[in-house]
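S.K.: Here's a structure for you.
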Amino acid sequence: MTKNPFYNALFAIAYIVVLVTIAFVGPGLLNAPQQSIFYPMLALSALVLSVALMAYLFFYQPVVMLLDGHREKAVKLFLQTVGIFAVAIVVLLFTALVMRG
């Protein structure tokens, strides 16, 4: 996506927040039935979309850099993006634990 690992991780987190918010609030807004064949189909579709989007956010730019012969920069970008994403997950975990108790 970009060569800035912070933005890549931030876009990933933002996508996850939007997806979870829609999954959490959506059925209540639509007054949807509790059981439907469409929920598993929707879940699998969301999973496939998520995998494709995360692959793009995490791998596209490093692969382009790798193919251009910038191996060290590509590995550094990938690891920084994953590291920032991991830190964001830890922050979300602690936030959830604090808000719970």
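The values are calculated or read from the model by the stated rules, or taken from the named source; none is laboratory data. Model, not experiment: these values are computed from the prediction. Cβ atoms come from the backbone with ideal geometry, glycine included; neighbour counts cover every protein chain shown.
S.K.: Checking the condition touching a residue at least 12 places away in the same chain (Cβ under 8 Å), loosely packed, with under 14 Cβ neighbours inside 10 Å and not basic (Lys, Arg), which residue from Phe6, Phe59 passes?
M.R.: Phe6
S.K.: Has the stretch 79-95 got at least one residue that is more than 17 Å from Ile13 (Cα to Cα), part of a helix (DSSP H, G or I) and at pLDDT below 95? Full working, then the answer.
M.R.: Narrowing the stretch 79-95 to residues more than 17 Å from Ile13 (Cα to Cα): none.
So far as the stretch 79-95 goes, no, none of its residues is more than 17 Å from Ile13 (Cα to Cα), part of a helix (DSSP H, G or I) and at pLDDT below 95.
S.K.: Got at least one residue in the stretch 53-65 being of a type outside the set (A, V, I, L, M, F, W, C), in contact with a helix residue (DSSP H, G or I) (Cβ under 8 Å, 6 or more places away or on another chain) and not in a helix (DSSP H, G or I)? Explain how you work it out, then say what you get.
M.R.: Filtering the stretch 53-65 for residues of a type outside the set (A, V, I, L, M, F, W, C) gives 56, 60-62.
Retained after the next criterion (residues that are in contact with a helix residue (DSSP H, G or I) (Cβ under 8 Å, 6 or more places away or on another chain)): 61-62.
Narrowing further to those that are not in a helix (DSSP H, G or I): none.
Scanning the stretch 53-65 turns up no residue that is of a type outside the set (A, V, I, L, M, F, W, C), in contact with a helix residue (DSSP H, G or I) (Cβ under 8 Å, 6 or more places away or on another chain) and not in a helix (DSSP H, G or I).
S.K.: Same structure again: As an exercise: evaluate Leu30 against (1) at pLDDT 80 or above; (2) over 22 Å from Leu93 (Cβ atoms) and give the number of the one condition it does not meet.
M.R.: (1)
S.K.: Something else: Take the stretch 68-83 and flag every residue that is surrounded by fewer than 13 Cβ atoms within 10 Å (Cβ to Cβ) and over 15 Å from the mean Cα position of the chain (by Cα).
M.R.: Residues of the stretch 68-83 that are surrounded by fewer than 13 Cβ atoms within 10 Å (Cβ to Cβ), as a first pass: 68-69, 71-72, 79, 83.
If the condition is that a residue be surrounded by fewer than 13 Cβ atoms within 10 Å (Cβ to Cβ) and over 15 Å from the mean Cα position of the chain (by Cα), then Asp68, Gly69, Arg71, Glu72, Leu79 are the ones that fit.
S.K.: Pull out all pairs, ordered by first then second residue, where Cβ-Cβ is under 7 Å, the residues are six or more apart or on different chains, the first lies in the stretch 29-49 and is under 24 Å from Ala12 (Cβ atoms), and the second is at pLDDT below 80 and outside any helix (DSSP H, G or I).
M.R.: Matching pairs, first to second residue: none at all.
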